[in-house]
Each structure stands twice: as C-alpha cells, then as structure tokens.
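A.B. asks: Following this message is one structure expressed as structure tokens.
The values are calculated or read from the model by the stated rules, or taken from the named source; none is laboratory data. Being a predicted model, the structure only gives us computed values, none of them experimental. A quick note on method: Cβ atoms are made from the backbone with ideal geometry, for glycine too, and the neighbour counts reach across all protein chains shown.
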Amino acid sequence: MQRTLTIESSPPGALVYLNGLEVGRTPVTRDFTWYGTYDVQLRAEGHETLKTKGKVIAPWWQWVPFDLVAEVLPLRLRDEQHLRYTLRPTAETAADPGVMLERARDLRGQLESSPRTPAVPPLPAVTQPTAAGGAAVPPGAAALPAAAAPAGSGSTTGPAVSRPQ
C-alpha cells in the first residue's frame, strides 16, 4: 500500500507546513501514514498566510473490514490524495504603518473594554521633581522644600539630605 499526499497552491512556490513542520514548496508530494485532519499553513511572498485544516479521507478499501482483504490481496494499491489552495494577495494598505497603528489602537480599545480585562487605573504622568534652586533630584529621592531643611545643616544652596542617626 502506497499513500501520497500532494499539496498544490495558486500561485505555486508557497512554503508548506503540515502540523507545524515545514515539508517544502508547492507543489509538494509526500508519503503519509495516517488519515485524518492535518493543520496546513501556506506562506508566499506578497500573499496572505493561509492557515487551515486539510482533511485526508481514507478510500473505501481502507475501511474495516475491507482493509484486511486489501492487505491480503496481491494487488498493489495506491492512494493519492490532493489538497489545493488559492492564496490571496496582500492588500497594499496592510503594510502601511499608519493603518497598522490605527488597527492596533482599535484592538487595544476592544481589549480594554472586554469584561474579562480587569480595570486598571491609568498611570500618572511622570514628572521630574526638582529641588530648590532647580537642580534635578535623583530617582527615588524626594525633593524637600528649602524651608524643610534641618536646622544646623549649613546648606542653603542644595537639597537637604537626612542621614540616619
């Protein structure tokens, strides 16, 4: 018993993946063992990626109880399965960055309005604190007003730094 699966596409030359494994470019013919549903993915430059399911159905002589008789007979049986797909060209607007950003905003709005998304308050605007005199304060340190400087520190030009006692 010989079983072959041929995958064809329009246009030819598309990269084919069966169940996540790359098998070649169309038209591609492979031997197979199992009938059933295969995850098929085709990719071609300038065309949308096609992700679909391909059904490979056994011929009648592979059904129980006929399969036993087919295996015993001295006949050389062949099963040739074909899957054919047509790929759509990529739209010009799909590659436009402005269109992609607008689509991202729409999808983000849908996600944020989903009942399954917990409400998270927006982050406050980040501002850089400054000390008296206009000097920037390092992140994590709090700027103290000049009036809050500890007595006896002797510093009137820079931020007051409190040290543990």
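A.B. asks: Within segment 69-103, take every residue that is over 20 Å from Thr6 (Cα atoms) and basic (Lys, Arg) and give me the one that is surrounded by the most Cβ atoms within 10 Å (Cβ to Cβ).
C.D. replies: It comes out as Arg103.
A.B. asks: Assess whether Val64 counts as being farther than 29 Å from Leu15 by Cβ, free of Cβ contacts under 8 Å to residues at least 24 places away in the same chain and assigned to a loop (DSSP other than H, G, I, E, B).
C.D. replies: yes
A.B. asks: A further question follows. I'd like the full set of residues that are of a type outside the set (D, E, K, R) and in a loop (DSSP other than H, G, I, E, B), limited to segment 79-114.
C.D. replies: Correct list: Leu87, Thr90, Ala91, Ser113, Ser114.
A.B. asks: Hey, does segment 68-78 have a residue that's in contact with a Phe, Trp or Tyr (Cβ under 9 Å, 6 or more places away or on another chain), part of a strand (DSSP E or B) and not basic (Lys, Arg)?
C.D. replies: No, segment 68-78 contains no residue that is in contact with a Phe, Trp or Tyr (Cβ under 9 Å, 6 or more places away or on another chain), part of a strand (DSSP E or B) and not basic (Lys, Arg).
A.B. asks: Of these, Thr6, Thr29, which one is in contact with a Pro (Cβ under 9 Å, 6 or more places away or on another chain), in a strand (DSSP E or B) and not aliphatic (A, V, I, L, M)?
C.D. replies: Thr6
A.B. asks: Still on this structure, I have one more. Within segment 1-44, can you find the residues that are among the β-branched types (Val, Ile, Thr) and modelled with pLDDT of 90 or more?
C.D. replies: Thr4, Thr6, Ile7, Val16, Val23, Thr26, Val28, Thr29, Thr37, Val40
A.B. asks: Related question: Could you list all residues from segment 34-68 that are over 30 Å from Leu87 (Cα atoms), of a type in the set (Phe, Trp, Tyr) and surrounded by 11 or more Cβ atoms within 10 Å (Cβ to Cβ)?
C.D. replies: Result: Trp61, Phe66.
A.B. asks: Something else: Hey, can you tell me all the residues within segment 32-54 that are over 15 Å from Pro89 (Cα atoms) and not in a strand (DSSP E or B)?
C.D. replies: If the condition is that a residue be over 15 Å from Pro89 (Cα atoms) and not in a strand (DSSP E or B), then Phe32, Thr33, Trp34, Tyr35 are the ones that fit.
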